[in-house]
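What follows is a set of notes on a single structure, which appears directly below.
The values are calculated or read from the model by the stated rules, or taken from the named source; none is laboratory data. Please read all numbers here as calculations on a predicted model, not as lab measurements. No Cβ is skipped: glycine too gets one built from the backbone with ideal geometry, and neighbour counts run over all protein chains shown. Please note that ligands, DNA and RNA were not included when accessible areas were found on the heavy atoms of the full protein model with its side chains. Shrake-Rupley method; radii C 1.70, N 1.55, O 1.52, S 1.80 Å.
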Amino acid sequence: MRTELAPYAVSETNTRGRVVSEPRPKARGEFQRDRDRIVHSTAFRRLEYKTQVFVNHEGDLFRTRLTHSIEVAQIARSVARTLNLNDDLTEGIALAHDLGHTPFGHAGQDALNECMQDHGGFEHNLQSLRIVDRLEERYGAFDGLNLMFETREGILKHCSPARARGLGELGLRFLDNRRPSLEAQICNLADEIAYNNHDVDDGLRSGLITAEHLSAVSLFARHAREVAAEFPDLPERRRVHETIRSMIDAQVTDLLAESAHRIAALAPHSLDEVRAAPALIGFSAEMAGENRAMKTFLRDHLYQHYQVLRMTYKARRIICDLFAAFMADPRLLPEQYQTLGVVEGNARAVADYVAGMTDRYAIREYRRLFSVGEP
Ligand code: MG
């Protein structure tokens, strides 16, 4: 059952609306319309073939950016609804939060950022915003998806002050140290819960890390112990799933309790009060510490595993070589990006093209350009 939104939730009455005004949707709310536009976008479909940690073709069971985004949306929506916040907005932000990611995960983004050093850099949060504001070509009346201000604000999670200055109203909060809506804050934390847990799951499935390894992390060890006590005869795979399920539950429960406590202590009456306050959505100090320990473990043992680093090496090479080839001769770009290059400069157009590629498309494009005998 839906309950009333809290007075400090984002709603259709306190929203700053869309850049281009449009008639109200007939059978849905404005924030549902945003979510629907995101789901129908080209960039959203491409998430299916973009890497989270493992390259897309390495196995059918690993997370991709698409399944990651759906998991983030699931966690974020239930947190938002429990706190009487706008779950349609929360879902939209969660589904869009990774749209700007390059192929090959963080390795791809770091490589593209280096290639773009002399041309304004590359940052995936800004790219997500650029996709929904400019690059999607689906509507007659405007470029991009013309999303509501609060959806765009949530998508732009980080931004340097220098870049924020060029973003008008949307960049202001980075300059005067204000927070985004609680709905956006929820998405950041739901992102963290989702990736920590599914990287544990994928890491174990891949065999790069083991449950024994992970027992050095208190969060995992505690839940694994509880599961073993409750289900002593469970096969390994199911024990892992039970442990992860129980970690997610504990993290969501902690997040809800701590956030409800902070909100009650401030007792805000409006969205403006929420924006001016310190972050109200967060984990308890204890859970935040346990999450940090888990992240450190994953960094040292999974993201830095030599098999993952080999992928990182290959990804960097593919991204950098593609970038250099298109910069050396922009006529190699598809026409749409040549046209974009005339307006925004070749480097930005090349970055848009390369960032938009899926893992397998980038690999294919690399072969097409550099391998003799490929059509
Ligand atoms: Mg994410």
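A few remarks follow.
- Residue count for the range 242-285 under the criterion of being open to solvent by 60 Å² or more (accessible area, probe 1.4 Å) and assigned to a loop (DSSP other than H, G, I, E, B): the result is 2.
- Top-ranked residue in the range 256-299 [being touching a residue at least 12 places away in the same chain (Cβ under 8 Å) and of a type in the set (Lys, Arg); ranked as farthest from Asn14 (Cα to Cα)]: Lys295
- Number of residues in the range 172-192 that are open to solvent by less than 50 Å² (accessible area, probe 1.4 Å), over 23 Å from Glu12 (Cβ atoms) and away from the ligand (no atom under 16 Å from the Cβ): the value is 1.
- Number of the condition not met by Pro25 [criteria: (1) free of Cβ contacts under 8 Å to residues at least 60 places away in the same chain; (2) surrounded by 24 or more Cβ atoms within 10 Å (Cβ to Cβ)]: (2)
- Per-region count, the range 332-371, residues part of a loop (DSSP other than H, G, I, E, B) and open to solvent by less than 40 Å² (accessible area, probe 1.4 Å): 4
- When residues in the range 193-214 are screened for being farther than 18 Å from Ala288 by Cα and more than 16 Å from the ligand (Cβ to nearest atom), 11 of them pass.
- When the range 300-312 is filtered for residues that are free of Cβ contacts under 8 Å to residues at least 24 places away in the same chain and either part of a helix (DSSP H, G or I) or among the aliphatic types (A, V, I, L, M) (or both), the ones remaining, listed by number, are Asp300, Tyr306, Leu309, Arg310.
- Filter pass, Leu129 being among the aliphatic types (A, V, I, L, M), modelled with pLDDT under 95 and under 15 Å from the mean Cα position of the chain (by Cα): no
- Output for the range 344-375, where each listed residue is among the β-branched types (Val, Ile, Thr) and at pLDDT below 95: Thr358, Ile363, Val372
- Residues of the range 1-42 classified as small (Gly, Ala, Ser) and more than 22 Å from Leu95 (Cα to Cα), total: 2
- All positions within the range 338-353 that are in contact with a Pro (Cβ under 8 Å, 6 or more places away or on another chain) and under 16 Å from Ile131 (Cα atoms): Gly341, Ala349, Val350, Tyr353
- Among the residues of this structure, Glu226 does not count as one that is of a type in the set (D, E, K, R), modelled with pLDDT of 95 or more and open to solvent by less than 10 Å² (accessible area, probe 1.4 Å).
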